[in-house]
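In what follows, a single structure is set out as structure tokens and then discussed.
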Amino acid sequence: MGVRLRRERPAPAAGRRPAGGAAARCTGAPRPRHRHHGRARDVAGASRHGADAASQGSGQGDAVAEERDRHAGLDELAPRPQARPPLRAASGSVSLVTSPLFTIVTPVYDTPLDVLAETVDSVRAQRFREWEWILVDDRSPDPAIVPALERHSAADDRIRVIRRDANGGIVAASNDAVAAATGTFIALLDHDDLLTPDALAVMAAAIAQNPDDVDYLYSDEDKVLPDGAFGHAFLKPDWSPERFRHQMYTSHLSVLRTSLVREVGGFRAGFDGSQDWDLVLRVTERARRIHHVPRVLYHWRMIAGSTSMDAGAKPYALEAGARAVAGQFERLGIDATIQHRPDLGVYEVTRAPDLTTSTSIIIPTRGTAGRAWGSLRTYVVDAVRSVRERTAHVDLEFVVVYDDPSTPQHVLDELSALPGVDLVLVPFDKPFNFSEKCNVGALHARGDVLIFLNDDVEAASDEVIGQLIAPLSEPDVGITGAKLLFENGRIQHAGVEYGSLNSAKGSIRHSMYRALPSAAKGPDLHMNRETSALTGACIAMRADVFHDAGGFTEQLPINFNDIDLCLKVRRNGLRLVWLCRTVLWHFESISRSTTVHKYEVELMVKRWGPYASRREKFFTRNRLA
């Protein structure tokens, strides 16, 4: 398919300076119990502030203000709660004169009375007091349940009890509570779990930051161990819709705007065991703002026979989870399949590959040769050959930007002789600048999608191009990146962190997963997910996204140019998605230590903030074993 020789054109301007960010803006997923008891636990993986903040009674305003300030330090929030009228209960009635901020929703079914009492104590101990609690008894066989619920209601008129005449399951019982809710937000609480004393105060402080448009909030969580201690904390990433299709990771504590829950139809019949996942999938499709509170606010009780101890304990919930995610794909017009991977504890999503979108692969090179697996190779030739052989894409060009005159002529001849390759050769005769070479290549590319590829890679998975670019059909996906492996099969790239994990000093690197075995069982390595940044060794993006971001910043000729590009795309409101089953070999030495210059670090910190002290937003803060 002929070779085209293109002379260099001027490179685009360097990237613009960023603006600050906040909670995720949305443009645009269980756990079962008996017939229903308990909110849907996360059966898919490792898991588990509307209105103004209130002032009621002694210390209410102080509690919200204190939680506001503490939370601001965690996640750059500075909520400014405004006063609300104090709540008053009418004599002999559970109704409130003014609507509460939160309605806590809890279906109840044969809860052990001592466990139920602990749950009640955890709610009544809330420092934030503007709540109501609706407990729906789903026809519990134990005759002691209803009297116990009524005693708790009599002790606190914010507690309301609904008695169902017939057992209807968790969906029916939950919908009864939603229908009766008067709060601006609904908080989901299982009948045997515990809230931390500050749970609602922290959520109120977060809501106060964006009271008019935050529609869904979730917190970190841990578990109540069999001995009563708290442990197994799950420290979650910020809102990650791609991850959410693989794992119901938001789980507890979930807080949803009541009006939106009703707008999407509440909980749906047929999704018992994964009803929360199905609801949150539908809510987040319409939510204006989603906020993660990076703090443990919920204790999930481990009970033998439940999904808190065994994700496979309720097989029907796993099947319902798959249908919930498939339903979202259908609503969004995404051609994809989903199946549960019990060996990994997550769901596996497979999109139909995109084989027709006009795509240009841009490869900077100087024609270097080296050894891989004991054999001598010319890296760029084998990179182009392997990619062409591992894709059936019908509209694909390779734009090779080569150093002139240092690239050997035989390398260019070998590239030109590759069968089935639509090749564009672009000479570059300036001092080395990776960013500028990529920008020049982009100006010579005709594709609607641009893929930037190092010359020392080799395609390892089937249909590597079709799978890499398929998620770009979603308008809020800005960049996709592949899983890269060292020559010895260990992981070179599974996303780049920008910030601090577990209070450790922050970094800009691949250190979270670098050099782990490719078959490591950690769920993060086996699901597509959002990341803070992706390596420029293999990234794909729509051409308009690249140009809107200003291309690669040429003041960063060697290091951090890919991270900077990713952060510019994120600043423009788009997601970065790492793809776990799109795999390439990267023949970079596992022991390679790149020299980083002081000016590069200073530029990144000046532009994007001090990574050493800021919170990394997209990696789970649970190191893989």
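The values are calculated or read from the model by the stated rules, or taken from the named source; none is laboratory data. Predicted model, so just to flag it, every value in this text is computed and none were measured. Here the Cβ positions follow ideal geometry from the backbone for every residue, glycine too, while neighbour counts run over all protein chains shown. The area values use the complete protein model at the heavy-atom level, side chains included, leaving out ligands, DNA and RNA. Shrake-Rupley method; radii C 1.70, N 1.55, O 1.52, S 1.80 Å.
Think of the stretch 325-460 as having a plus end and a minus end, set by charges on the Cβ of Lys, Arg, Asp and Glu; of VAL399, LEU376, ILE363, LEU376 sits farthest toward the positive end of this dipole. Among the GluC sites (Glu not before Pro) within the stretch 371-443, not one is in coil by DSSP while having at most 10 neighbouring Cβ atoms inside 10 Å. Bridging of LYS437 to lysines at a Cα separation below 22 Å is possible for LYS568, once same-chain residues fewer than 8 apart are set aside. Using the 1.4 Å probe convention, the accessible area of the stretch 359-613 works out to 35 Å² per residue with neighbouring protein chains retained. Where the accessible area of the stretch 102-334 is counted over protein heavy atoms with a 1.4 Å probe, how much of it, in %, is carbon and sulfur? In the stretch 102-334, the share of accessible area belonging to carbon and sulfur is 52 percent. Separation of the alpha carbons by more than 30 angstrom is noted, of LYS430/LYS598; LYS521/LYS606; LYS236/LYS606, for LYS521/LYS606. Note on the stretch 166-320: percent of Cα-Cα distances in each 5 Å bin, starting at 0 and stopping at the bin with the largest distance, equals 2, 9, 18, 22, 23, 17, 8, 2, 0.
Using a simple charge model, +1 on the beta-carbon of Lys and Arg, -1 on the beta-carbon of Asp and Glu, nothing else, what dipole does the stretch 359-613 show about its Cα centre, in debye to the nearest 20? Walk me through the numbers before you get to the answer.
On the way: 26 positive and 31 negative charges, 203 e Å.
Approximately 980 debye in magnitude.
Look at the Cα gyration tensor of the stretch 359-613: its axes a ≥ b ≥ c give a/c under 1.5, and that counts as rounded.
Take the Cα of ALA612, step 7 Å toward its Cβ, do the same at ALA515, and the gap between the two points is 2.3 nm.
Evaluating 6.51 cos²θ - 1.76 cosθ + 1.60 at θ = phi - 60° for every residue in the stretch 371-378, the Karplus couplings come out as 10, 9, 6, x, 10, 6, 9, 9 Hz, glycine and proline recorded as x.
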